[in-house]
Structures are given as structure tokens and as C-alpha cells.
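Notes follow once the structure below has been shown.
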Amino acid sequence: MLARFFRYYRPYRGLFLLDFCCAILAGVLELAFPIAVNQVIDKIMPQNNFRYVLLASLGLLLFYIINTLLQYIVVYYGHKLGVNIETDMRNELFQHLQEQPFEYYDNQKTGKLMSRLTTDLFEISEVAHHGPEDVFITIMTLLGAFILMLQMHVQLALATFALIPLITFALVFFNKKMTTVNTDIYENLGEFNAGVEAAVSGIRVTQSFANEAYEKKRFFRLSELYRQSKIVFYKVMALSSSYNYFMIRLINLFALIFGAYYTIKGELTYGQFVGFILLANVFVRPIEKVNNMIESYPKGIAGFKRLTEELDKKPTIVDRPNAKMVQHLKGDIAYQNVSFAYADHTKVLQDISLTIQAGETVAFVGQSGSGKTTLCNLLPRFYEATEGTITVDGIDIKEMTLASLRHQIGTVQQDVFLFPGTLRENIAYGKLDATEAEIIQAVKLAHLEAVVRQMPQGLETIVGERGVKLSGGQKQRVAIARMFLKNPPILILDEATSALDTETETVIQESLNSLAKGRTTLIIAHRLATIKHATRIIVMSEQGILEQGTHEALMANNGPYRKLYDAQFHEPVTV
């Protein structure tokens, strides 16, 4: 765990050494003041020469100026080091999340992932900055002060040091306790964030069902769980800080009582006695820092622990070592004895074999749950087939790099996701380096020109979160426009018009027909009227492929397709 944590320091060795060395030097200079006071009282003051006192004070002033500069370096550059490491961890986690397949996100809550990217990593910055230097300086200051105390008086130093084992025990005990508590806090915070994200995203549904009271009750329950875990944390922290406060004051008390005793006995000079009291204060300062460590370090440790747990979840769909980058595919697709089941062993597809020619338009129909969408999602490897192989142009898709394979496939879905930016940015997402002429051409091909003219700022109009300012038909046309920019040889249309009214559907269908020209197109549809033009229609059920053929041939067969068609277009006769 420690080796893994210190790996993040490697890019910032220079920054770490600067911070670490300055912190150590500052700690050493802190030990100079008690010795200087000792010398002033015992050697300079008896000479009754104030000039020597002023010279000694000027020397101390120089020490303080140097220490002030050192403190600036430690605080600024140390925190800069911590923020750099925190940012690297966050970037690594984000990249890791982007590599995860669809099935991973099927079992995750967005709010919990957001919590891992933000809150979990906040305290890591403090640990990364203070961790190594605090531990080293604490040990060094304790040993340095103890050695100087021993030189003044052995028995007095040992009496003062006697309470350290009790404080060390408390440090280990409370640190372990608070790390466990913080892990629970982060877990509850993840659930809380997930609840907030769901409540805000679903506010329209909540209000349409007038379920505000129910959502408030659910929110209060999540908030209470988080509150309780924080209270437990602060209870443990209060016990820790109170215990350490008492131990530290006992050290000061021991130094005062035993110091006075040995001074009265004549074994210590007054200068040594005052110097010893000051050294005792330096001695307890790192112990007081331990209190802060116990509060902040468990948070950072718990956050880093959750980070490593997440990073250890390796993506199940990755490039093979010898995977090759494909530049352009024609679109000949073959499914050979393909089966698929989720991680919980729920079977979706069983022994599917299917061949699709380049340029062919193939429509998949059937009842919900028959595996139509899953079959298409296996092609860009959003999910991985459990058995069998899928080839494009005779090449196993597992032999291609994921990025190059997905560049060759475009997907237009029923639920279009738009980013919270401008209309232009969402269209250009299909080709990030698209020219203005290419964007305008895509707008034209997607029948989006009238929509752009109606917008107050045209292509610069902000579409709102998830495109909330656009209608369903407008969002579909944006999705089609960015697909024209991507210009893939293989196209998947996943119920792209099923949620639209008839008039809008007709316009969108024209755009989709234009988009499908010259491409291998896989259509998933419930509205059978939209797929009559398909080269081939494949009827699926939970048992697999029931039949396939053209619309006319399947209607003539009088089989499952005919039953679906009649159920959709012919109302039952009432008597």
C-alpha cells in the first residue's frame, strides 16, 4: 500500500525534496531557541552586558527570518505537491472509468462514482503533502529534543519521556479506528451523492407524480445516514484529541515538577531549567501535530484505499497484445455461434449464427427481452460475447483495437445523450476537428437547418443539461448530424424513432434513410412500418432467430412476423 502510494511522488521528486528538506531544516531551527535562552540566562545575563543580549537576540531574529521563508516554501510548495498528486490520481481514475465496459456501469450509481472522483481524493492531497514530512519531523523533533534534554539532565529527560509509549499506543489505536469510520463515511457519502444525483435528474418525474414528499423522506434518510457516520467520526476524534491533550499537559507538568525539584537540589541551573521547559514545549509540539494527523490522515488513507480498490477492478474488455488498428472496413459482418450471459449468469443470447453483407440494411424485431439490442451491442464490443466469434470483413473483432473498431461503427439510440454545451459542440462531437463547412453540411443532411434558424443564437445556442432545451425530434436530428460527421461504414439504429410523433418520425426517417445509404445498417425497431424497406428483417425471441427475410416474404410466410404486424396494424373486431 505504501509503495503504491509513493509511486505518485516520482514525477515530482524535486518538489518533494524541496518541501521535505525545508520542513526538516525548519524543525531543526526550532530546537535552537531553547538552547539560546539557556545560554542567555546562564552565561550572558550574569555579565550584566545588554549589548550581548541584543546580539544574541539578533542572531535569533535571523533564525526566525530564515524559518519564515522555510515555512512559506513548506506551505506553498508542499500543498502544490499534494494537489499535483491528487490531480494525477483523479486523472488516472477517470481514465480507468472510461475503459470500463457497459456491464460495469449497469451495476454502478453515478453519484457514487462522482464521490470517488471528488470527495474521496480531497484528503489525499493533505496526506501526500504532510504525510512523509510529518512522520519524519515528528520522530526527528522528538529525538532531537530528547537528546538535548538528556544532555541537561538524564533523570529529568527520562521522567518527561515516560508518557510517550502511552501516546504512541493511542496514535495506533485511534488511527485504525478512524480509518474504518472514514471508510463508512465515504460509503455513505457515495450513497448520498447517488441519491442527490437521482433526485435532481428525476425532478420532472417526481413533480409529475407529485411525489415530492416521498423524495424528501428518502433524501432525509440518506442525509441521516451520512450525519450519523460523521458523528461517529467526531466522537472517536474527540476521544483521541482529549486523551492526547491530557498526555501532553502531563508531559509539561512532569517537566515543571521534576525540573523545579532538580533546580532546588542544585542539579540544574536556572537557565537549564527554563531551557528544559522550552524544550519540553518543542518536544510536545509534534505530539500535538499527531492529533491533526489522526483527524486528517485516516480520511486520506480511507480515500486512497477506495481509490486502489476501484483501480484494481480491471476492465473486462481490453485490447489484445497483438490487436491491430483497422483503417477502413467494408461492413461484412458474421456472428458465429454467439452466446451471451451477464455476470450473474442471466442468459440473453444462445448460439446465434448470422451473416450480414456489406451495404445491407438488416432490421431486428421481436418482443422486449429477445436480445435485439444486446446482439447489436456485441458488435462494437460494448459487451463481450460469452461464446462464439464475431467477425467484420473476415477479421475477428477481438483482433482489432477497440478504438479503431468503434471508429468504424456509429450508433443512434432512442435516448439521445447531449452534453451541456452548445448545439455546435454536440454536433461536432462526431468529428472533433470538423470544419465549419463539414458541420453545416451535416446540419443540412440531418434536416436540422430549420431548427438552427429557430434557435436564438443558432449553432451557439446552449442546449442545457442532457439537451433539455430541445425536443425529442430535435435531439434525434443532432444525433444524426454528428453521425454524418463521423461517417462510419457500419451503422446501428436502436429504436431511433420509437418515441417520436408521426410527423416528426417521418422527417427523422428521411434523415436516417439518407444516413444509411451505402452503409451496413442494423436497425432495432418496434414500429414495423419504419423497416419495410429493409433488405432483410430478422425476427428474434428468447429462443433465438425465429425467421428472416424481406417484409413481403415474411408476410407471405404467415409466421411470427405476420402475427407481430397484424397485432400492430389491425385492431381486433368488436361484436
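Per-residue answers, yes or no, for (1) more than 30 Å from LYS305 (Cα to Cα); (2) within 33 Å of the chain's Cα centre (by Cα); (3) assigned to a helix (DSSP H, G or I):
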| residue | (1), (2), (3) |
| --- | --- |
| ILE24 | no, no, yes |
| ALA36 | yes, no, yes |
| LEU54 | yes, no, yes |
| LEU58 | yes, no, yes |
| GLU92 | no, yes, yes |
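Here is a check on your reading of the model: is ALA32 in the same structural domain as GLY275 (by TED's automatic domain parsing), surrounded by 11 or more Cβ atoms within 10 Å (Cβ to Cβ) and at pLDDT below 75? Yes; evaluated as a whole, the condition is true for this residue. Residues that are polar (S, T, N, Q), out of contact with any helix residue (DSSP H, G or I) (no Cβ under 8 Å at 6 or more places or on another chain) and free of Cβ contacts under 8 Å to residues at least 60 places away in the same chain: does the stretch 393-408 have at least one? No, there is no match, as no residue in the stretch 393-408 is polar (S, T, N, Q), out of contact with any helix residue (DSSP H, G or I) (no Cβ under 8 Å at 6 or more places or on another chain) and free of Cβ contacts under 8 Å to residues at least 60 places away in the same chain.
Suppose the filter is farther than 28 Å from PHE273 by Cα and not aliphatic (A, V, I, L, M); does GLU30 pass it? Considered against the rule, which asks whether it is farther than 28 Å from PHE273 by Cα and not aliphatic (A, V, I, L, M), GLU30 comes out as no. Is it the case that ILE185 is under 26 Å from SER115 (Cα atoms), modelled with pLDDT of 70 or more and either outside any helix (DSSP H, G or I) or touching a Phe, Trp or Tyr at 6+ places or on another chain (Cβ under 9 Å) (or both)? Yes, satisfied. Note on the stretch 536-551: residues that are surrounded by 14 or more Cβ atoms within 10 Å (Cβ to Cβ) and not in a strand (DSSP E or B) total 2.
Looking at the stretch 413-447 only, could you name the residues that are farther than 21 Å from ASN513 by Cα and in contact with a Ser or Thr (Cβ under 8 Å, 6 or more places away or on another chain)? Residues satisfying the conditions are THR422, LEU423.
Considering every residue within the stretch 255-271, establish whether at least one is assigned by TED's automatic domain parsing to the domain that holds HIS153, at pLDDT below 80 and over 30 Å from ILE139 (Cα atoms). No, there is no match, as no residue in the stretch 255-271 is assigned by TED's automatic domain parsing to the domain that holds HIS153, at pLDDT below 80 and over 30 Å from ILE139 (Cα atoms). Give the residues of the stretch 552-570 that are in contact with a helix residue (DSSP H, G or I) (Cβ under 7 Å, 6 or more places away or on another chain) and either among the charged types (D, E, K, R) or loosely packed, with under 14 Cβ neighbours inside 10 Å (or both), sorted by residue number. Answer for the stretch 552-570, where residues must be in contact with a helix residue (DSSP H, G or I) (Cβ under 7 Å, 6 or more places away or on another chain) and either among the charged types (D, E, K, R) or loosely packed, with under 14 Cβ neighbours inside 10 Å (or both): ARG562, GLN568. Every condition in (1) under 23 Å from VAL284 (Cα atoms); (2) surrounded by 12 or more Cβ atoms within 10 Å (Cβ to Cβ); (3) of a type in the set (Val, Ile, Thr) is met by THR68 except one, and the failing one is (2).
Entry remark, the stretch 382-406: residues being surrounded by fewer than 16 Cβ atoms within 10 Å (Cβ to Cβ) and of a type in the set (S, T, N, Q) number 2 in total. Just wondering, is there one or more residues in the stretch 210-220 that are under 18 Å from ILE164 (Cα atoms), within 43 Å of the chain's Cα centre (by Cα) and surrounded by fewer than 19 Cβ atoms within 10 Å (Cβ to Cβ)? Looking through the stretch 210-220, none of the residues is under 18 Å from ILE164 (Cα atoms), within 43 Å of the chain's Cα centre (by Cα) and surrounded by fewer than 19 Cβ atoms within 10 Å (Cβ to Cβ). Please give the number of the condition HIS79 fails out of (1) at pLDDT 85 or above; (2) within 20 Å of PHE20 (Cα to Cα). With (1) at pLDDT 85 or above; (2) within 20 Å of PHE20 (Cα to Cα) applied to HIS79, the lone miss is (1).
Cβ-Cβ distances below 7 Å connect the following pairs, each with a first residue in the stretch 64-75 that is under 16 Å from LEU31 (Cβ atoms), a second residue that is in a helix (DSSP H, G or I), and a separation of six or more residues or different chains: ILE66/LEU29; ASN67/ALA26; ASN67/LEU29; LEU70/CYS22; LEU70/LEU25; LEU70/ALA26; GLN71/ALA26.
The values are calculated or read from the model by the stated rules, or taken from the named source; none is laboratory data. These numbers were taken from a predicted model, which means no experiment stands behind them. A quick note on method: Cβ atoms are made from the backbone with ideal geometry, for glycine too, and the neighbour counts reach across all protein chains shown.
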